[in-house]
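Engineer: So that we are looking at the same thing, I have put the structure below in C-alpha coordinates.
The values are calculated or read from the model by the stated rules, or taken from the named source; none is laboratory data. Predicted, not measured: the structure shown is a model, and the values here were computed from it. Positions of Cβ are backbone-derived with ideal geometry, glycine not excepted, and every protein chain shown enters the neighbour counts. When the accessible area is computed, the model is the full protein with side chains, heavy atoms only, and any ligands, DNA or RNA have been set aside. Shrake-Rupley method; radii C 1.70, N 1.55, O 1.52, S 1.80 Å.
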Amino acid sequence: MTDTLFTPLTLRDTEIRNRVMLSPMCQYSAEGGLATDWHRVHLGSRAAGGAGVVMTEATAVEPRGRITPDCLGIWSDEHAEAIEPIVEFVRSQGATPGIQLAHAGRKASHRPPAEGSAPIPADEPDGWETVSATDEPYPSGDRGDGEGGEPATTRRLDADGIAEVVDAFAAAAERSRDVGFEVAEVHAAHGYLLHQFCSPVTNDRDDEYGGSFEDRTRLLREVVAAVRDVWPDGKPVFVRISATDWLPDRDSWDVDDSVRLAPLLADAGADLIDVSGGGIHPDQELPGAGPGYQVPYAEAIRDGTDVPVAAVGGITEPTHADALVRNGRADLVALGRELLRHPHWPLEAAHELGADVEWPVQYRRGRFD
Ligand SMILES: Cc1cc2nc3c(=O)[nH]c(=O)nc-3n(C[C@H](O)[C@H](O)[C@H](O)COP(=O)(O)O)c2cc1C
(Lines give C-alpha, C1' and ligand atoms only; values in the text may rest on other atoms or scores of the structure.)
Protein backbone atom coordinates (compact mmCIF):
# COMPACT_ATOMS: atom_id res chain seq x y z
CA MET A 1 0.00 0.00 0.00
CA THR A 2 1.15 3.54 -0.72
CA ASP A 3 2.34 5.49 2.31
CA THR A 4 0.64 8.81 2.93
CA LEU A 5 1.28 11.79 5.21
CA PHE A 6 -0.73 10.04 7.93
CA THR A 7 0.82 6.58 7.63
CA PRO A 8 2.87 5.92 10.78
CA LEU A 9 6.63 5.73 10.27
CA THR A 10 8.53 3.04 12.14
CA LEU A 11 12.24 3.59 12.68
CA ARG A 12 13.91 0.86 14.74
CA ASP A 13 11.23 0.06 17.39
CA THR A 14 9.81 3.57 17.44
CA GLU A 15 6.50 4.24 15.76
CA ILE A 16 5.93 7.88 14.80
CA ARG A 17 2.19 8.52 14.38
CA ASN A 18 2.46 10.43 11.09
CA ARG A 19 5.04 11.99 8.74
CA VAL A 20 4.85 15.59 9.97
CA MET A 21 7.79 16.94 11.99
CA LEU A 22 7.99 20.27 13.77
CA SER A 23 11.23 21.55 12.26
CA PRO A 24 13.76 22.71 14.86
CA MET A 25 13.41 26.45 15.39
CA CYS A 26 15.42 28.59 17.79
CA GLN A 27 13.16 30.50 20.15
CA TYR A 28 15.79 32.65 21.92
CA SER A 29 13.71 32.26 25.08
CA ALA A 30 15.90 30.18 27.40
CA GLU A 31 17.36 31.52 30.64
CA GLY A 32 20.95 30.44 31.14
CA GLY A 33 20.20 27.64 28.65
CA LEU A 34 17.24 26.43 30.74
CA ALA A 35 13.85 25.75 29.13
CA THR A 36 11.10 28.19 30.13
CA ASP A 37 7.30 28.43 29.92
CA TRP A 38 7.77 29.57 26.33
CA HIS A 39 9.22 26.16 25.38
CA ARG A 40 6.38 24.40 27.18
CA VAL A 41 3.83 26.33 25.10
CA HIS A 42 5.77 26.21 21.81
CA LEU A 43 6.52 22.48 21.88
CA GLY A 44 3.38 21.50 23.78
CA SER A 45 0.99 23.18 21.38
CA ARG A 46 2.57 21.54 18.32
CA ALA A 47 2.23 18.15 20.10
CA ALA A 48 -1.44 18.87 20.85
CA GLY A 49 -1.75 20.07 17.24
CA GLY A 50 -1.00 16.58 15.95
CA ALA A 51 2.65 16.64 14.75
CA GLY A 52 4.34 13.24 14.54
CA VAL A 53 7.77 14.40 15.71
CA VAL A 54 8.11 17.50 17.91
CA MET A 55 11.74 18.55 17.57
CA THR A 56 13.31 21.08 19.92
CA GLU A 57 15.29 23.99 18.61
CA ALA A 58 19.10 23.71 18.38
CA THR A 59 20.02 22.72 21.93
CA ALA A 60 23.62 23.40 22.89
CA VAL A 61 25.76 20.55 24.19
CA GLU A 62 28.05 23.04 25.93
CA PRO A 63 27.65 26.73 26.86
CA ARG A 64 30.02 28.06 24.18
CA GLY A 65 27.99 26.12 21.56
CA ARG A 66 25.00 28.46 21.92
CA ILE A 67 24.29 30.80 19.03
CA THR A 68 23.09 33.45 21.49
CA PRO A 69 23.00 33.77 25.28
CA ASP A 70 19.22 33.06 25.05
CA CYS A 71 19.58 29.69 23.30
CA LEU A 72 18.50 26.41 24.85
CA GLY A 73 21.11 24.04 26.31
CA ILE A 74 21.43 20.56 27.78
CA TRP A 75 24.93 20.66 29.22
CA SER A 76 23.94 19.86 32.84
CA ASP A 77 21.44 17.79 34.78
CA GLU A 78 19.69 21.01 35.75
CA HIS A 79 19.05 21.70 32.07
CA ALA A 80 17.68 18.19 31.58
CA GLU A 81 15.37 18.54 34.60
CA ALA A 82 14.01 21.85 33.26
CA ILE A 83 12.89 20.26 30.00
CA GLU A 84 11.73 16.91 31.40
CA PRO A 85 8.09 17.94 32.09
CA ILE A 86 7.83 19.35 28.57
CA VAL A 87 9.06 16.04 27.13
CA GLU A 88 6.47 14.22 29.24
CA PHE A 89 3.70 16.49 27.97
CA VAL A 90 4.74 16.00 24.33
CA ARG A 91 4.62 12.23 24.83
CA SER A 92 1.24 12.44 26.60
CA GLN A 93 -0.18 13.93 23.38
CA GLY A 94 1.00 10.98 21.29
CA ALA A 95 3.84 12.86 19.61
CA THR A 96 7.43 11.64 19.46
CA PRO A 97 9.73 14.10 21.25
CA GLY A 98 13.04 14.85 19.55
CA ILE A 99 15.98 16.99 20.61
CA GLN A 100 18.32 18.71 18.20
CA LEU A 101 21.80 18.46 19.74
CA ALA A 102 23.87 21.37 18.55
CA HIS A 103 27.12 23.28 18.71
CA ALA A 104 27.33 26.59 16.87
CA GLY A 105 31.15 26.63 16.63
CA ARG A 106 32.33 29.94 15.16
CA LYS A 107 28.73 31.12 14.66
CA ALA A 108 28.24 31.27 18.45
CA SER A 109 28.30 34.39 20.66
CA HIS A 110 25.81 36.47 18.69
CA ARG A 111 22.91 38.68 19.74
CA PRO A 112 19.44 37.20 19.23
CA PRO A 113 17.66 38.35 16.05
CA ALA A 114 15.36 40.68 18.01
CA GLU A 115 18.52 42.53 19.09
CA GLY A 116 20.08 42.63 15.62
CA SER A 117 22.08 39.32 15.47
CA ALA A 118 25.46 41.08 15.69
CA PRO A 119 28.45 39.15 17.07
CA ILE A 120 29.19 39.67 20.77
CA PRO A 121 32.94 40.19 21.28
CA ALA A 122 34.52 37.70 23.70
CA ASP A 123 35.50 40.45 26.14
CA GLU A 124 31.91 41.61 26.67
CA PRO A 125 30.20 40.14 29.75
CA ASP A 126 27.71 38.06 27.76
CA GLY A 127 30.12 37.09 24.95
CA TRP A 128 32.67 34.28 24.69
CA GLU A 129 35.49 32.98 22.51
CA THR A 130 34.14 30.62 19.85
CA VAL A 131 35.78 27.43 18.55
CA SER A 132 35.89 25.92 15.09
CA ALA A 133 37.81 23.83 12.57
CA THR A 134 39.65 27.04 11.75
CA ASP A 135 40.77 30.17 13.57
CA GLU A 136 39.10 32.39 10.97
CA PRO A 137 36.00 33.94 12.56
CA TYR A 138 32.65 33.85 10.82
CA PRO A 139 32.56 36.95 8.63
CA SER A 140 29.59 38.48 10.44
CA GLY A 141 30.93 41.95 9.75
CA ASP A 142 30.33 41.31 6.07
CA ARG A 143 26.71 40.24 6.10
CA GLY A 144 25.56 42.90 3.72
CA ASP A 145 22.37 43.58 5.69
CA GLY A 146 23.72 46.35 7.87
CA GLU A 147 23.52 44.16 10.94
CA GLY A 148 27.12 42.90 11.03
CA GLY A 149 29.81 43.88 13.50
CA GLU A 150 33.28 42.98 14.73
CA PRO A 151 33.53 39.18 14.54
CA ALA A 152 34.00 37.27 17.80
CA THR A 153 37.43 35.66 18.15
CA THR A 154 37.61 32.03 17.09
CA ARG A 155 40.04 29.36 18.29
CA ARG A 156 40.92 26.31 16.19
CA LEU A 157 40.15 23.16 18.15
CA ASP A 158 43.13 20.91 18.81
CA ALA A 159 42.89 17.11 19.21
CA ASP A 160 41.96 17.36 22.91
CA GLY A 161 39.37 20.02 22.15
CA ILE A 162 37.86 17.82 19.44
CA ALA A 163 37.63 14.88 21.86
CA GLU A 164 35.86 17.15 24.36
CA VAL A 165 33.28 18.09 21.73
CA VAL A 166 32.56 14.41 21.00
CA ASP A 167 32.18 13.77 24.75
CA ALA A 168 29.88 16.78 25.13
CA PHE A 169 27.54 15.44 22.41
CA ALA A 170 27.52 11.99 24.05
CA ALA A 171 26.83 13.40 27.54
CA ALA A 172 24.05 15.59 26.17
CA ALA A 173 22.53 12.56 24.43
CA GLU A 174 22.62 10.58 27.68
CA ARG A 175 20.79 13.34 29.53
CA SER A 176 18.26 13.60 26.70
CA ARG A 177 17.69 9.84 26.79
CA ASP A 178 17.20 9.90 30.55
CA VAL A 179 14.44 12.53 30.40
CA GLY A 180 12.49 10.65 27.74
CA PHE A 181 13.43 12.08 24.35
CA GLU A 182 12.88 9.44 21.68
CA VAL A 183 14.78 10.99 18.78
CA ALA A 184 18.25 12.54 18.98
CA GLU A 185 19.04 14.76 16.01
CA VAL A 186 22.69 15.73 15.51
CA HIS A 187 22.79 19.24 14.02
CA ALA A 188 25.41 19.23 11.29
CA ALA A 189 23.80 21.88 9.08
CA HIS A 190 23.59 25.66 8.60
CA GLY A 191 27.28 26.42 9.01
CA TYR A 192 27.53 25.34 12.64
CA LEU A 193 30.45 23.45 14.17
CA LEU A 194 30.05 20.01 12.57
CA HIS A 195 29.32 21.59 9.18
CA GLN A 196 32.42 23.81 9.68
CA PHE A 197 34.50 20.64 9.80
CA CYS A 198 32.79 19.01 6.80
CA SER A 199 32.96 21.95 4.40
CA PRO A 200 36.19 22.87 2.59
CA VAL A 201 35.04 26.50 2.85
CA THR A 202 35.77 26.52 6.59
CA ASN A 203 38.06 23.55 7.17
CA ASP A 204 41.66 24.62 6.52
CA ARG A 205 43.26 21.92 8.68
CA ASP A 206 46.04 19.57 7.70
CA ASP A 207 45.59 17.01 10.49
CA GLU A 208 43.35 13.93 10.44
CA TYR A 209 40.27 16.18 10.74
CA GLY A 210 40.94 18.18 7.58
CA GLY A 211 41.90 17.85 3.93
CA SER A 212 40.22 14.86 2.29
CA PHE A 213 36.47 14.18 2.36
CA GLU A 214 37.11 11.33 4.76
CA ASP A 215 39.10 13.50 7.15
CA ARG A 216 36.73 16.48 7.01
CA THR A 217 33.74 14.26 7.83
CA ARG A 218 35.58 12.38 10.60
CA LEU A 219 34.34 14.55 13.48
CA LEU A 220 30.71 14.29 12.35
CA ARG A 221 31.00 10.52 12.00
CA GLU A 222 32.59 10.30 15.46
CA VAL A 223 29.83 12.40 16.99
CA VAL A 224 27.09 10.31 15.36
CA ALA A 225 28.75 7.09 16.56
CA ALA A 226 29.12 8.49 20.10
CA VAL A 227 25.47 9.53 20.20
CA ARG A 228 24.35 6.18 18.81
CA ASP A 229 26.47 4.44 21.44
CA VAL A 230 24.44 5.92 24.31
CA TRP A 231 21.08 6.13 22.48
CA PRO A 232 18.67 3.20 23.05
CA ASP A 233 18.84 0.54 20.33
CA GLY A 234 15.14 0.84 19.64
CA LYS A 235 15.18 4.61 19.15
CA PRO A 236 16.25 6.59 16.11
CA VAL A 237 19.10 9.04 15.59
CA PHE A 238 18.63 11.71 12.93
CA VAL A 239 21.32 13.94 11.41
CA ARG A 240 20.47 17.34 9.93
CA ILE A 241 22.84 18.34 7.14
CA SER A 242 23.13 21.17 4.70
CA ALA A 243 23.06 19.27 1.42
CA THR A 244 24.88 22.12 -0.31
CA ASP A 245 26.80 25.26 0.68
CA TRP A 246 25.20 27.14 -2.23
CA LEU A 247 28.70 28.40 -3.15
CA PRO A 248 29.22 27.14 -6.71
CA ASP A 249 32.02 29.70 -7.27
CA ARG A 250 34.49 27.92 -4.95
CA ASP A 251 35.57 24.60 -3.51
CA SER A 252 32.58 23.87 -1.29
CA TRP A 253 30.20 21.17 -0.05
CA ASP A 254 27.62 20.03 -2.62
CA VAL A 255 24.84 17.50 -3.14
CA ASP A 256 27.23 14.81 -4.44
CA ASP A 257 29.15 15.09 -1.15
CA SER A 258 25.87 14.65 0.73
CA VAL A 259 24.92 11.55 -1.25
CA ARG A 260 28.38 10.16 -0.46
CA LEU A 261 28.06 11.07 3.23
CA ALA A 262 24.60 9.65 3.94
CA PRO A 263 25.52 5.92 3.95
CA LEU A 264 28.58 6.68 6.09
CA LEU A 265 26.30 8.36 8.62
CA ALA A 266 23.96 5.35 8.45
CA ASP A 267 26.98 3.10 9.14
CA ALA A 268 27.80 5.29 12.16
CA GLY A 269 24.26 4.74 13.48
CA ALA A 270 22.02 7.38 11.88
CA ASP A 271 18.51 6.28 10.89
CA LEU A 272 17.35 9.33 8.93
CA ILE A 273 18.96 12.34 7.27
CA ASP A 274 17.08 15.62 7.70
CA VAL A 275 18.07 17.52 4.56
CA SER A 276 18.43 21.29 4.73
CA GLY A 277 20.86 23.69 3.03
CA GLY A 278 23.28 26.57 3.34
CA GLY A 279 24.59 28.67 6.21
CA ILE A 280 28.35 28.18 5.91
CA HIS A 281 29.23 31.61 4.50
CA PRO A 282 27.41 34.90 3.91
CA ASP A 283 28.39 34.81 0.20
CA GLN A 284 26.01 31.90 -0.39
CA GLU A 285 23.76 32.16 -3.43
CA LEU A 286 20.32 31.43 -2.00
CA PRO A 287 17.96 29.67 -4.37
CA GLY A 288 14.40 30.96 -4.76
CA ALA A 289 12.60 29.78 -1.63
CA GLY A 290 9.44 28.57 -3.39
CA PRO A 291 7.38 25.56 -2.27
CA GLY A 292 9.64 22.58 -1.58
CA TYR A 293 12.82 24.40 -2.66
CA GLN A 294 15.09 21.92 -0.89
CA VAL A 295 13.13 18.74 -1.66
CA PRO A 296 15.37 17.77 -4.63
CA TYR A 297 18.31 17.41 -2.21
CA ALA A 298 16.38 15.03 0.06
CA GLU A 299 15.23 13.11 -2.98
CA ALA A 300 18.79 12.82 -4.32
CA ILE A 301 19.95 11.29 -1.05
CA ARG A 302 16.97 8.93 -0.81
CA ASP A 303 17.37 7.79 -4.42
CA GLY A 304 21.13 7.49 -4.26
CA THR A 305 21.37 5.64 -0.98
CA ASP A 306 18.07 4.21 0.36
CA VAL A 307 18.71 6.09 3.63
CA PRO A 308 15.39 7.54 4.92
CA VAL A 309 15.14 11.33 4.65
CA ALA A 310 13.18 14.29 5.92
CA ALA A 311 12.47 17.09 3.45
CA VAL A 312 12.11 20.69 4.61
CA GLY A 313 11.69 24.15 3.14
CA GLY A 314 8.66 26.05 1.94
CA ILE A 315 6.20 23.21 2.53
CA THR A 316 2.82 24.63 3.50
CA GLU A 317 0.07 22.74 1.65
CA PRO A 318 -1.31 19.41 2.91
CA THR A 319 -1.62 18.00 -0.61
CA HIS A 320 2.02 18.92 -1.33
CA ALA A 321 3.28 17.33 1.89
CA ASP A 322 1.18 14.25 1.25
CA ALA A 323 2.45 13.95 -2.33
CA LEU A 324 6.08 14.04 -1.12
CA VAL A 325 5.43 10.91 0.92
CA ARG A 326 3.13 9.20 -1.61
CA ASN A 327 5.60 9.70 -4.44
CA GLY A 328 8.52 8.40 -2.41
CA ARG A 329 10.41 11.71 -2.36
CA ALA A 330 10.62 11.90 1.45
CA ASP A 331 9.89 9.71 4.47
CA LEU A 332 9.20 12.60 6.83
CA VAL A 333 8.13 16.17 6.05
CA ALA A 334 9.44 18.94 8.32
CA LEU A 335 7.50 22.19 8.61
CA GLY A 336 9.01 25.29 10.15
CA ARG A 337 7.35 28.63 9.56
CA GLU A 338 4.00 27.10 8.57
CA LEU A 339 3.79 25.48 12.02
CA LEU A 340 4.55 28.86 13.60
CA ARG A 341 1.51 30.20 11.79
CA HIS A 342 -0.69 27.15 12.37
CA PRO A 343 0.19 25.05 15.44
CA HIS A 344 -2.68 22.66 14.60
CA TRP A 345 -1.70 22.27 10.94
CA PRO A 346 -1.53 18.45 11.19
CA LEU A 347 -5.11 18.18 12.52
CA GLU A 348 -6.38 20.46 9.76
CA ALA A 349 -4.30 18.65 7.12
CA ALA A 350 -5.76 15.31 8.20
CA HIS A 351 -9.25 16.70 7.68
CA GLU A 352 -8.35 18.05 4.24
CA LEU A 353 -6.78 14.75 3.23
CA GLY A 354 -9.58 12.63 4.69
CA ALA A 355 -7.38 10.90 7.27
CA ASP A 356 -8.89 9.84 10.57
CA VAL A 357 -6.68 11.07 13.44
CA GLU A 358 -7.15 11.39 17.18
CA TRP A 359 -7.82 14.90 18.48
CA PRO A 360 -6.96 15.91 22.03
CA VAL A 361 -10.08 15.16 24.06
CA GLN A 362 -10.26 18.80 25.16
CA TYR A 363 -10.55 19.94 21.53
CA ARG A 364 -12.98 17.35 20.18
CA ARG A 365 -15.80 19.83 19.82
CA GLY A 366 -13.57 21.70 17.40
CA ARG A 367 -13.45 18.75 14.99
CA PHE A 368 -14.69 19.51 11.52
CA ASP A 369 -17.12 16.60 11.35
C1 LIG B 1 12.72 31.15 13.68
C2 LIG B 1 13.52 30.04 13.06
C3 LIG B 1 14.48 29.38 13.81
C4 LIG B 1 15.19 28.31 13.25
N5 LIG B 1 16.07 27.60 14.05
C6 LIG B 1 16.59 26.45 13.58
C7 LIG B 1 17.28 25.56 14.47
O8 LIG B 1 17.36 25.78 15.68
N9 LIG B 1 17.82 24.44 13.94
C10 LIG B 1 17.68 24.13 12.60
O11 LIG B 1 18.20 23.11 12.16
N12 LIG B 1 17.00 24.94 11.76
C13 LIG B 1 16.43 26.05 12.23
N14 LIG B 1 15.64 26.82 11.41
C15 LIG B 1 15.37 26.34 10.05
C16 LIG B 1 14.02 25.57 10.01
O17 LIG B 1 14.09 24.39 10.81
C18 LIG B 1 13.64 25.17 8.58
O19 LIG B 1 14.60 24.28 8.09
C20 LIG B 1 13.53 26.39 7.66
O21 LIG B 1 12.76 27.41 8.27
C22 LIG B 1 12.87 26.01 6.33
O23 LIG B 1 11.62 25.41 6.53
P24 LIG B 1 10.23 26.25 6.42
O25 LIG B 1 10.19 26.82 5.04
O26 LIG B 1 9.15 25.21 6.63
O27 LIG B 1 10.22 27.31 7.47
C28 LIG B 1 14.97 27.92 11.91
C29 LIG B 1 14.02 28.63 11.15
C30 LIG B 1 13.29 29.65 11.71
C31 LIG B 1 12.23 30.34 10.87
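Engineer: Accessible area of the chain with a 1.4 Å probe: how many percent of it is carbon plus sulfur? Intermediate results must be reported in sequence, preceding the final value.
Structural biologist: Working: 6540 of 14630 Å².
Percent of accessible area from carbon and sulfur atoms in the chain: 45.
Engineer: Express in % the proportion of alpha carbon pairs of segment 9-366 at distances exceeding 29 Å. Write out the running numbers ahead of the final one.
Structural biologist: Working: 22674 of 63903 pairs.
The answer is 35 percent, as a whole percent.
Engineer: Would you mind calculating the gained length between Arg260 and Asp303 on full extension (0.36 nm times residue separation, minus the Cα-Cα distance), in nm to one decimal?
Structural biologist: Values: separation 43, 0.36 × 43 = 15.48 nm, distance 1.19 nm.
This chain segment gains 14.3 nm when fully extended.
Engineer: What does the accessible area per residue of the chain come to in Å², with a 1.4 Å probe and no ligands, DNA or RNA counted?
Structural biologist: Working: 14630 Å² over 369 residues.
On a per-residue basis, 40 Å².
Engineer: Between segment 350-369 and segment 290-339, how far is it from one alpha carbon centroid to the other, in angstrom?
Structural biologist: Segment 350-369 and segment 290-339 have Cα centres spaced 24 Å from each other.
Engineer: May I ask for the angle, rounded to the nearest 10°, between helix 218-230 and the longest principal axis of the chain, with both axes built from Cα atoms and the value confined to 0 to 90°?
Structural biologist: With rounding to tens, the tilt is 50 degrees.
Engineer: What are the ³J(HN,Hα) couplings of segment 121-132, residue after residue, when phi is run through the Karplus curve with 6.51, -1.76, 1.60 and θ = phi - 60°? Round to Hz, x for glycine and proline.
Structural biologist: Once θ is set to phi - 60°, the couplings for segment 121-132 become x, 4, 8, 7, x, 9, x, 7, 6, 9, 10, 7 Hz.
Engineer: Using modelled backbone amide H atoms (1.01 Å from N, in-plane), which distant-in-sequence or interchain residues come within less than 5 Å of His110's amide H?
Structural biologist: Thr68, Ile120
Engineer: Fully extended, how many nm does the chain gain between Asp135 and Arg326 (0.36 nm per residue separation, minus their Cα-Cα distance)?
Structural biologist: Working: separation 191, 0.36 × 191 = 68.76 nm, distance 4.57 nm.
Value of the extension gain: 64.2 nm.
Engineer: Hey, another quick one. Kindly state, as a whole number, the per residue volume in cubic angstrom of the convex hull around the alpha carbon atoms of segment 285-369. Don't skip to the end; give the middle numbers.
Structural biologist: On the way: hull volume 9.1 nm³, N = 85.
Measuring per residue, one finds 107 Å³ for the Cα hull of segment 285-369.
Engineer: Which whole-angstrom value gives the distance between the alpha carbon centres of segment 183-204 and segment 98-116?
Structural biologist: The distance from the Cα centre of segment 183-204 to that of segment 98-116 comes to 13 Å.
Engineer: Using a 10 Å cut-off on Cβ atoms, rank the peptides 161-173, 97-109, 280-292, 232-244 from the highest mean neighbour count down. It would help to have the intermediate numbers written out before the result.
Structural biologist: Values: 161-173: 19.2, 97-109: 27.9, 280-292: 14.2, 232-244: 22.2.
Answer by packing, highest mean first, reads 97-109, 232-244, 161-173, 280-292.
Engineer: Mind pulling the angle between the C-alpha long axis of helix 37-48 and the longest principal axis of the chain? Nearest 10 degrees, somewhere in 0 to 90.
Structural biologist: In the chain, helix 37-48 runs at an angle near 40 degrees to the longest axis.
Engineer: While we're looking at this one, here's another question. Only Cα pairs under 8 Å and at least 6 apart count here; give the relative contact order of segment 9-366 as a rounded whole percent.
Structural biologist: Details: 827 pairs, mean separation 56.3, N = 358.
Over segment 9-366, the number comes to 16 percent.
Engineer: Mind checking the angle between helix 255-268 and the chain's longest principal axis? C-alpha axes, 0 to 90 degrees, to the nearest 10.
Structural biologist: For helix 255-268, the angle is close to 80 degrees.
Engineer: A further question on this structure: Taking the chain as a Gaussian network, where each spring joins two C-alpha atoms under 10 Å apart, which residue of Pro119, Pro248, Pro318 fluctuates the most?
Structural biologist: Largest GNM mean-square fluctuation: Pro248.
Engineer: Run the helix sum for the chain: -39,500 (n - 2.57) per DSSP H stretch of 4+ residues, divided by residue count, reported at 222 nm to the nearest 500 deg cm²/dmol. Walk me through the numbers before you get to the answer.
Structural biologist: Values: 11 runs with 119 residues, N = 369.
The helix-only estimate for the chain comes to -9500 deg cm²/dmol at 222 nm.
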